[in-house]
1. Has region 30-43 got at least one residue that is crowded, with 17+ Cβ neighbours inside 10 Å, of a type outside the set (D, E, K, R) and modelled with pLDDT of 80 or more?
2. Tell me, please, whether a residue that is open to solvent by less than 50 Å² (accessible area, probe 1.4 Å), farther than 19 Å from residue 152 by Cβ and in a helix (DSSP H, G or I) can be found in region 118-130.
3. Could you list, in sequence order, all residues of region 100-115 that are part of a helix (DSSP H, G or I) and within 12 Å of residue 198 (Cβ to Cβ)?
4. What do you reckon, is residue 61 touching a helix residue (DSSP H, G or I) at 6+ places or on another chain (Cβ under 9 Å) and open to solvent by less than 40 Å² (accessible area, probe 1.4 Å)?
5. Among what's in region 93-113 and is of a type in the set (Ser, Thr, Tyr) and modelled with pLDDT of 85 or more, pick the residue that is nearest to residue 203 (Cα to Cα).
6. Given the residues 197, 158, 167, 183, which is the only one that is open to solvent by 90 Å² or more (accessible area, probe 1.4 Å), modelled with pLDDT of 90 or more and β-branched (Val, Ile, Thr)?
7. Among the residues of region 131-147, write down those that are in a helix (DSSP H, G or I) and either modelled with pLDDT of 60 or more or not aromatic (Phe, Trp, Tyr) (or both).
8. Based on what the data block shows, is residue 90 at pLDDT 85 or above, surrounded by 15 or more Cβ atoms within 10 Å (Cβ to Cβ) and either out of contact with any Cys (no Cβ under 8 Å at 6 or more places or on another chain) or not polar (S, T, N, Q) (or both)?
Amino acid sequence: MVDVGIGRNVTEVVAIVAVVAATVAGFVVWQRRAPTGGKALRDVLTLALVTAAFALSSTMLAKAVGTGSMAFAAIHVFVVLGWTAFALAVVPLETPAPLRGIRAWELSGVRYRRFGVAAFGAVLRNSPLRHLSPAVYLRKFLRDPSSIRGHLETAEAIHFWGSVFTIPYLMYAAWHGWWGVLILCLALHACLNLYPILHLRMVRARISNHLCNRPVRGL
């Protein structure tokens with residue numbers, strides 16, 4: 001029994017390390033990929049390899065801790081976001097058109113500041129988290145506001161689709177009555193996807209103001 005327990009713990013650790021490593025790899029490759037519009041065979045094969053790694057490591061994790069565990073739920077959200085960042089670098093997907101445009105109320109930024117989006121952005125810019133999206137949050141990429149709108153929209157699309165792709169798991173959790181898991185996933189989505197999307201949109205609104213020669217605060 002002791003040997004079985006030790007083996008289970010080792011499997012769990014290996015699964016978690018594999019999942020986290022695959023997620024980090026997705027983010028790193030997305031950030032360092034060449035800015036070309038073509039779909040090179042190498043990129044497609046790499047995406048297929050990473051997808052297989054995600055699937056295998058997620059399966060190992062599910063066997064080790066169960067799909068209804070808090071650990072699996074939390075890591076699943078991170079993994080899907082990492083895989084989405086990787087996948088959209090090879091197969092570009094935009095945020096749906098009805099949701100992409102900046103609304104008139106967003107230009108003032110009042111509601112964003114009221115709900116703490118500006119403060120959230122300040123935390124991103126002044127913490128190591130800014131390295132997860134250097135084209136958006138590092139100052140050396142912010143010299144030409146018009147040139148970063150594409151990066152902003154790409155990052156927004158990643159967070160949007162990263163949320164959408166977890167819906168099947170959220171429905172699965174709700175079906176089984178895993179309310180704690182569901183609440184945890186929604187809380188993680190708020191931190192990892194919702195607020196980043198709102199901040200990216202706030203920055204896009206400021207750029208729109210800047211390009212229209214309206215007085216705005218710094219990015």
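1. No, because not a single residue in region 30-43 is crowded, with 17+ Cβ neighbours inside 10 Å, of a type outside the set (D, E, K, R) and modelled with pLDDT of 80 or more.
2. No, region 118-130 contains no residue that is open to solvent by less than 50 Å² (accessible area, probe 1.4 Å), farther than 19 Å from residue 152 by Cβ and in a helix (DSSP H, G or I).
3. 106, 111, 112, 113, 114
4. Numbers: touching a helix residue (DSSP H, G or I) at 6+ places or on another chain (Cβ under 9 Å): yes; open to solvent by less than 40 Å² (accessible area, probe 1.4 Å): yes.
It is true that residue 61 is touching a helix residue (DSSP H, G or I) at 6+ places or on another chain (Cβ under 9 Å) and open to solvent by less than 40 Å² (accessible area, probe 1.4 Å).
5. It comes out as 112.
6. Numbers: 197 fails: open to solvent by 90 Å² or more (accessible area, probe 1.4 Å); 158 fails: open to solvent by 90 Å² or more (accessible area, probe 1.4 Å); 167 fails: open to solvent by 90 Å² or more (accessible area, probe 1.4 Å).
Of 197, 158, 167, 183, the one residue that is open to solvent by 90 Å² or more (accessible area, probe 1.4 Å), modelled with pLDDT of 90 or more and β-branched (Val, Ile, Thr) is 183.
7. 131, 132, 134, 135, 136, 139, 140, 145, 146, 147
8. No: the conditions fail for residue 90.
The values are calculated or read from the model by the stated rules, or taken from the named source; none is laboratory data. Everything numeric in this text was worked out from a predicted model, so none of it was measured. Heads up, the Cβs are rebuilt from the backbone with ideal geometry, glycines too, and the neighbour counts pull from every protein chain shown. These area figures cover heavy atoms from the full protein model, side chains too; ligands, DNA and RNA do not enter into them. Shrake-Rupley method; radii C 1.70, N 1.55, O 1.52, S 1.80 Å.
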